[in-house]
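The block underneath contains the structure these notes are about, expressed in structure tokens.
The values are calculated or read from the model by the stated rules, or taken from the named source; none is laboratory data. It should be emphasised that the depicted structure is a prediction, and the values quoted were computed from it without experimental measurement. Note: ideal-geometry Cβ built from the backbone for every residue, glycine included; neighbour counts use all protein chains shown.
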Amino acid sequence: MSETRISETKTAEKAYHERFYAGDKPLAPVDPVAMERDSLQPCYVGAGDHYSDNRWAFHQLLRARGGWQDKHVLDYACGPGHMSVYFALTGARHVDGFDLSEEAIRRGRVRVEAQGLSDRVTLTQMDAQHLTYPDQTFDIVIGHGVIHHTIKYPGIFENLYRVMKPGASAYFLEGLADFPLFKLWWTIKGEVPQGDVPIYAAEVREKTKMFSKVEIIGDTFLHAGKLFLWRPNPGPLRKFALRQSHAADQRLLTAVPALRKWGSFSYIVLTR
């Protein structure tokens with residue numbers, strides 16, 4: 001991709017997200033208890049959405065690997081900072097968040113101040129190609145569904161590597177196009193104004209060779225059907241079907257681990 005094309009693409013993507021985040025209504029305060037009860041629980045338990053299972057499993061992985069408590073966290077492509085605030089309220093020493101959207105950062109800063117966290121949460125408008133943080137700043141990096149936005153820009157992983165401390169890890173929750181239905185969906189959908197692009201495990205591994213360890217942990221195979229099963233506030237029968245789908249998926253992936261490389265979601269861990 002030429003420099004001109006990169007600039008045009010980034011401008012279009014930024015414009016889309018400025019419109020997406022625009023508004024003057026104050027953002028709701030972040031309540032960690034409510035988040036953990038709803039959007040960080042399986043979709044058949046809380047009041048989240050059909051991605052809640054994967055956020056739940058992703059955060060279980062984070063906690064199993066030592067979590068973010070007492071650490072300097074980078075919330076990678078933070079949007080209006082709801083996860084930045086969550087990490088600060090649940091024990092992070094300091095959280096820096098960045099996002100391409102000025103509007104997202106503006107509104108996120110208002111929320112940070114309203115929740116009395118201005119001394120522990122810093123939100124900055126910047127892009128993944130040009131991180132301005134000092135070298136070896138962060139103990140941990142966490143991103144939710146962001147690499148499929150940033151991977152098309154050269155140098156993002158080199159920048160990420162630079163700002164991580166030696167031995168630090170970056171964790172990303174992503175949907176990979178290795179999953180056959182995702183690949184078909186991308187083929188039909190084509191280029192989209194919000195800047196999403198399909199990403200593949202091989203591409204991630206190729207572009208992250210500077211890291212000492214790269215893990216791509218595939219998850220959700222049959223249970224990808226939750227996209228069609230889930231509804232807001234699902235009733236008992238729908239919850240039962242979702243629970244059984246999730247249980248069947250776990251049994252299948254345990255019995256045939258090779259299927260994980262085609263999981264509809266993956267947890268990417270990059271260790272410096």
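Tabulated results
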read-out: Options 227, 252; residue that is under 19 Å from the mean Cα position of the chain (by Cα) and either of a type in the set (D, E, K, R) or surrounded by fewer than 17 Cβ atoms within 10 Å (Cβ to Cβ) (or both); value: 227
read-out: Wholly within the stretch 107-179, strands (runs of 3 or more DSSP E) carrying at least 1 residues that are surrounded by fewer than 19 Cβ atoms within 10 Å (Cβ to Cβ), of a type outside the set (Lys, Arg) and in contact with a Leu (Cβ under 9 Å, 6 or more places away or on another chain); value: 121-125
read-out: Count of residues meeting criterion [outside any helix (DSSP H, G or I), over 17 Å from residue 48 (Cβ atoms) and in contact with a helix residue (DSSP H, G or I) (Cβ under 9 Å, 6 or more places away or on another chain)] in the stretch 210-235; value: 7
read-out: Residue among 205, 243, 238 that is out of contact with any Gly (no Cβ under 6 Å at 6 or more places or on another chain), at pLDDT 95 or above and in a helix (DSSP H, G or I); value: 205
read-out: Residue among 114, 64 that is over 27 Å from residue 242 (Cβ atoms) and at pLDDT 95 or above; value: 114
read-out: When residues of the stretch 86-106 are limited to those that are assigned to a helix (DSSP H, G or I) and in contact with a helix residue (DSSP H, G or I) (Cβ under 6 Å, 6 or more places away or on another chain), the one farthest from residue 166 (Cα to Cα); value: 103
read-out: Criterion: touching a residue at least 24 places away in the same chain (Cβ under 8 Å) and more than 27 Å from residue 12 (Cα to Cα) - qualifying residue of 172, 182, 211, 157; value: 211
read-out: Selection status of residue 222, farther than 17 Å from residue 173 by Cβ, surrounded by 12 or more Cβ atoms within 10 Å (Cβ to Cβ) and among the hydrophobic types (A, V, I, L, M, F, W, C); value: yes
read-out: Filtered residue count, the stretch 182-214, keeping only those that are surrounded by fewer than 17 Cβ atoms within 10 Å (Cβ to Cβ), of a type in the set (Phe, Trp, Tyr) and either within 25 Å of residue 159 (Cα to Cα) or touching a Lys or Arg at 6+ places or on another chain (Cβ under 9 Å) (or both); value: 1
read-out: Among the residues listed as 53, 75, 96, the single one being touching a residue at least 60 places away in the same chain (Cβ under 8 Å), touching a strand residue (DSSP E or B) at 6+ places or on another chain (Cβ under 6 Å), of a type in the set (Asp, Glu) and crowded, with 20+ Cβ neighbours inside 10 Å; value: 75
